[in-house]
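Trainee: One structure is given below, represented as structure tokens, and several questions about it will come after.
The values are calculated or read from the model by the stated rules, or taken from the named source; none is laboratory data. Worth saying up front: this structure is predicted, and the values here are computed from it rather than measured. So basically every Cβ, Gly included, is an ideal-geometry build from the backbone, and we count neighbours across all protein chains shown. Side chains are part of the model used for accessible areas, which takes the heavy atoms of the whole protein and leaves out ligands, DNA and RNA. Shrake-Rupley method; radii C 1.70, N 1.55, O 1.52, S 1.80 Å.
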Amino acid sequence: MIRLICNSLCIFTVLAVTPMSGHAQVDYDHLAPTPPMGWNSWNAFHKDIDEVKIRAIADAMVKSGMREAGYRYLVLDDAWMADRRDEEGRLQGDPDRFPSGMKALGDYIHGRGLQYGLYECRATKTCQGLPGLLGHERQDIDTFAAWGVDYLKIDSCFAELNGRLSSQDYALLKRCIIASGRPMVLSISDFGQGAWAWGGAELAHLWRTSGDIYPFMQSVYNHADSSAGDLMIHPAFNGLWQFAGPGHWNDPDMLEVGNLKTAAEDKVHFSLWCILAAPLMAGNDLRNMTDTTRAILTAKEVIQVNQDPRGVQGYKVFDDGDHEVYNKPLCDGTTAVLLLNKGKTVADVQVTWDQLGLRGAQPVRDLWARKDLGTFATGFTATNLQRHEHRLLKVGTPGAPLVRTPPPLPPERYTVTRKGTTYLSDLCCIWKNGPIPLSDRTAHNTPIVLSGTVFKKGLGCTAASKVMYQLNGVAGRFQSTVGLDEDAPDDATGRFRVWHEDHFGRAVLFDSGPMHKGDAPQAVDVSVAHVNCLLLTFENAQGRRSKVQGLTGVWADARVIATNLANSANHK
Ligand code: GLA
């Protein structure tokens, strides 16, 4: 509680950012009507960047047709900055690698008809140990504005030392951008810790849904699933599609197109990002890309799927583990459909018009082949798809009524909408890491029993788990009884913690400390007034994931009690 008060006071002070007089109004909410497109230095070069290279990339973006195809932002990732600030505390470019300075580089980029992006981190240091923004937010964003920066990727390494919630950090940055008078797209880089739940759409234009991508197919598929599958959220949501839309996008990380093993792999990666309405930040060395890579990255009809102004994120209509079908309804009454074979054997992958919400015969166009395939009565089958092969289709007649999306998961399924008691086991979690605890039973599928008391409701952990629930700031208290269930092995241990928002805020509302089988259960009763997102973690006695023994930790009767539904803790 003390921690919370401190958090609010600190934030009250730091958030008091006054707009600079005479500056133009920043139309912050309309900076990314479609997913941002550009190039970022990290996947191609990591720390090895300098102004000669970056200028060559700017030239290549123009010469290769990337700019023409829509790639606008040229973003320098980590390691552009000097290892210390100047005598006035200002950030500066690394003097050896950027001797002309960061403003001059921005001018060069703008001179090529491109926009200028920079990376920073919201902590004292960046992931590479260079100066971070903490304590200098206003000064640094004004510096970026003076350099002509148009896009900011803000990372989260070391942010758990900030003493602020993630939503507070990003709210401050948003205010600084608006106060600077210069429009800058804000990209939340937090390794996918639930920004879609705690304020991504209000605070930023895109937010990561995952850790870092690597150039191999399993990584590409996992990252796609962080946005389209149930890697990060309860399966009832069918992915994160309902959180994206014009102005704010789920970001499964930057592209590895051109860095994968084959053109087929590059293509499926690109199609996945396009159907997912993901930001398209190329991550290959544009100075020497092959014609094949260039053709993939600039494929017009494929990019149009990504940039469709309706802004629906594609969602899966079929997934059996090896084969997937995605649907992305477009603004002209047609819909984009992706049929994918991830399996080891050659396969046919089929879609029926029913699955897409279409009736009657439909024309089909192959978007990679740029070829009309004819009209099909009830569906379409992509035959003989090799492993990692896919088809990207446009189905339907332009001008037809809009293809409808399925209804999003309604708020009563995942947040507090009623006065009185809401059991968390009746809600779908909005973020997760590890298996979702079972509702109202233990890992052994038995009723929850602690010290001889049977609990009808509660969460039964089957392994170490972290689950976040969205309370919307309307609940007053969180209550539960925690302990190792009677069915737990005799040497079972565990530690239960309740957090305000993600772990970066380190705002721990309850900590059971190490618990052992047979210990008396502990009662939890904490205030969650103004808590937008509540995180429950169950880990081993040391609070770590490794060597977890207490597989039957239970949050008995885990519930929140709402007295006043009028509040909302969303950070605008
Ligand atoms: C983190 C981010 C990456 C990249 C590196 C730079 O790992 O997730 O995208 O920015 O930092 O250090």
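Trainee: Run down the aspartates and glutamates and flag those whose C-alpha is under 13 Å from the C-alpha of residue 456, throwing out any fewer than 8 positions away in its chain.
Mentor: Once the sequence-local aspartates and glutamates are set aside, what remains near residue 456 is 426, 440, 557.
Trainee: Accessible area of residue 423, 1.4 Å probe, to the nearest 10 Å²?
Mentor: 70
Trainee: Under 8 Å for C-alpha pairs, at least 6 residues apart: give me the relative contact order for region 211-359, rounded to a whole percent.
Mentor: On the way: 246 pairs, mean separation 27.6, N = 149.
Relative contact order here is 19 percent.
Trainee: Next question, about the same structure. Name the residue from 69, 236, 258 whose Cα lies farthest towards the positive end of the charge dipole of region 16-306, charges +1 on Cβ of Lys and Arg and -1 on Cβ of Asp and Glu.
Mentor: Towards the positive end, the residue furthest out is 69.
Trainee: Can you give the % of DSSP beta bridges in the chain that are antiparallel, to the nearest 5?
Mentor: Roughly 75 percent of the beta bridges in the chain run antiparallel, per DSSP.
Trainee: Okay, next question. List the pair-distance distribution P(r) of region 416-515, using every Cα-Cα distance, as the percent of pairs falling in each 5 Å bin from 0 up to the bin containing the longest distance, rounded to whole percents.
Mentor: Bins of 5 Å from zero give 2, 11, 21, 26, 22, 12, 5, 1, 0 percent of pairs.
Trainee: How much solvent-accessible surface does residue 154 expose, in Å² to the nearest 10, with a 1.4 Å probe and all protein chains in place?
Mentor: 0
Trainee: Let me ask something else about it. Among rounded, prolate and oblate, which fits region 23-71 when a ≥ b ≥ c are the square roots of the eigenvalues of its C-alpha gyration tensor, a/c under 1.5 means rounded, and a/b larger than b/c means prolate?
Mentor: prolate
Trainee: Quick check on my link table: of 103/174; 63/394; 466/517; 267/432; 174/267, which ones sit more than 26 Å apart, alpha carbon to alpha carbon?
Mentor: 63/394; 267/432; 174/267
Trainee: At 0.36 nm per residue, and after removing the present C-alpha to C-alpha distance, how many nm does the segment from residue 366 to residue 520 gain when stretched out fully?
Mentor: 49.1 nm
Trainee: Would you work out the relative contact order for region 16-306, in percent, from Cα pairs under 8 angstrom that are 6 or more residues apart?
Mentor: On the way: 586 pairs, mean separation 60.7, N = 291.
The value is 21 percent.
Trainee: Moving on. So if each residue of separation counts as 0.36 nm, and I subtract the Cα-Cα distance between residue 214 and residue 397, what length gain in nm does that give?
Mentor: Numbers: separation 183, 0.36 × 183 = 65.88 nm, distance 3.80 nm.
That works out to 62.1 nm of additional length.
Trainee: 222 nm [θ] for the chain, helices only, -39500 (n - 2.57) per DSSP H run of 4+, per residue, to 500?
Mentor: Calculated from helices alone, the mean residue ellipticity at 222 nm is -6000 deg cm²/dmol.
Trainee: How compact is region 368-443 by the rule of thumb for globular proteins, expressed as Cα Rg over 2.2 N^0.38 Å?
Mentor: 1.88
Trainee: So how strong a dipole does the chain carry about its Cα centre when Lys and Arg Cβ are +1 and Asp and Glu Cβ are -1, to the nearest 20 debye?
Mentor: 760
Trainee: Which order do you get for 538, 455, 376 if you rank them by accessible area with a 1.4 Å probe, largest at the top?
Mentor: The ranking, largest first, comes out as 376, 455, 538.
Trainee: Once Lys and Arg get +1 and Asp and Glu get -1 on their Cβ, which of 249, 325, 353 lies farthest toward the positive end of the dipole of the chain?
Mentor: Looking along the dipole axis, the top candidate is 353.
Trainee: Another question, if that's okay. With charges only on Cβ, +1 for K and R and -1 for D and E, what is the dipole size of region 363-480 about its Cα centre, in debye, rounded to 20? All intermediate terms of the calculation are to be shown ahead of the outcome.
Mentor: Working: 16 positive and 6 negative charges, 33 e Å.
So the dipole magnitude of region 363-480 works out to roughly 160 debye.
Trainee: Let me ask something else about it. Roll a 1.4 Å probe over the protein chains and send me the accessible area per residue for region 94-164 in Å².
Mentor: That works out to 33 Å² for each residue.
Trainee: Once the dipole of region 163-208 is set up with Lys and Arg at +1 and Asp and Glu at -1 on Cβ about the Cα centre, which of 184, 207, 171 lies farthest towards its positive end?
Mentor: Selected residue: 184.
Trainee: If DNA, RNA and ligands are ignored and the probe is 1.4 Å, what is the ranking of 300, 153 by accessible area, most exposed first?
Mentor: Reading off the accessible areas and sorting them downward yields 300, 153.
Trainee: Here is a follow-up. Full extension from residue 564 to residue 104: what is 0.36 nm times the residue separation minus their Cα-Cα distance, to one decimal in nm?
Mentor: 160.2 nm
Trainee: Still on this structure, I have one more. Give, to the nearest whole percent, the P(r) tail of region 315-395 beyond 19 angstrom, counting all Cα pairs.
Mentor: Percentage above 19 Å: 30.
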